[in-house]
Each structure stands twice: as structure tokens, then as C-alpha cells.
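Data block below; observations after.
The values are calculated or read from the model by the stated rules, or taken from the named source; none is laboratory data. On a predicted model such as this, the values are computed, not experimentally measured, just so you know. Positions of Cβ are generated from backbone atoms using ideal geometry, with glycine treated the same way; all protein chains shown enter the neighbour counts.
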Amino acid sequence: MCSKNRSILCLKISLSRSIQKLRKFINTEMFSHGNHLHKDKKGEVTVFLAMILVMLMTLLLVMAESARTAGERLYLRMAVDSSMDSLFGQYHRKLWESYRLLGLEYGTPGDLEGEFREFLAPYLEAQNWYPLESG
């Protein structure tokens, strides 16, 4: 063995031997496909794969919610536009024939709003993909 005078040299030699054994183990045994390390863990889902799946599912669900919200906004815009067209379909015909002006005759602003709500009610009551609340 090594004497006390050469302890640093002996430590260096033993350390280099240990490193060589470790390199040999890594290169041959650790990554071989027939190793027992791979046989014990068949079908195991890694944490990395689980995180990727969670991120992909989150992305897909966010996209679906965004599409639903955009569809709801489009449906509401279409309902309001259609109700306004129906309301202004009741224009004053004599005013149009005489002056080519579209005018709507009403008593108070509340009357006009009430008529608009009557035209909007069927859209609010419809049970479809975009249920609307009357508020």
C-alpha cells in the first residue's frame, strides 16, 4: 500500500481508479437496454411528460373557451342588430314618402326601450349554445 509520505499521490491514484470504474459503469451497464433499471419501471409516465400534457390540455381548453366567448359575442351582436332592424322597420311612412327621412314615432324614451326589449326577448329566451341573461 501507500506510505504516509505519498498519501496525496495515493489519493490521486485511487480517485482516478474510481473515476475510471464510474465511467465504465456509465458507458456499459447503466444505459444498456437489458439492465434491471429499465425492467422495473415499465410504463412509467415521467414528470416531464405529465407537465407537457398539462400544458397542452391547458392550451386547448383556453382556445376552446376563447372560441366560445367569441361566438357568444357574435350572437349577441347579431341579436341586437336584428332587434334594431325590426324596431326601425316601424318607421313613419308618411315622413319617408314626403322627405325621404327615416323617423320613428314614440311618446317617451321608455316606450322606445320597451319596444326594443320586445324584439330582443326571443333571442334572450332561446335555449341554445349561448344563453343570454336579460338584465
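Taken over segment 55-70, the criterion of being more than 11 Å from the chain's Cα centre (by Cα) and surrounded by fewer than 11 Cβ atoms within 10 Å (Cβ to Cβ) is satisfied by A70 alone.
Examine segment 71-78 for a residue that is surrounded by 10 or more Cβ atoms within 10 Å (Cβ to Cβ), farther than 30 Å from Y106 by Cβ and of a type in the set (G, A, S), and state whether such a residue exists. Scanning segment 71-78, I find at least one residue that is surrounded by 10 or more Cβ atoms within 10 Å (Cβ to Cβ), farther than 30 Å from Y106 by Cβ and of a type in the set (G, A, S), so the answer is yes. Take the conditions (1) of a type in the set (S, T, Y); (2) exposed (fewer than 11 other Cβ atoms within 10 Å of the Cβ); (3) at pLDDT 70 or above; T28 misses just one of them, which is (3).
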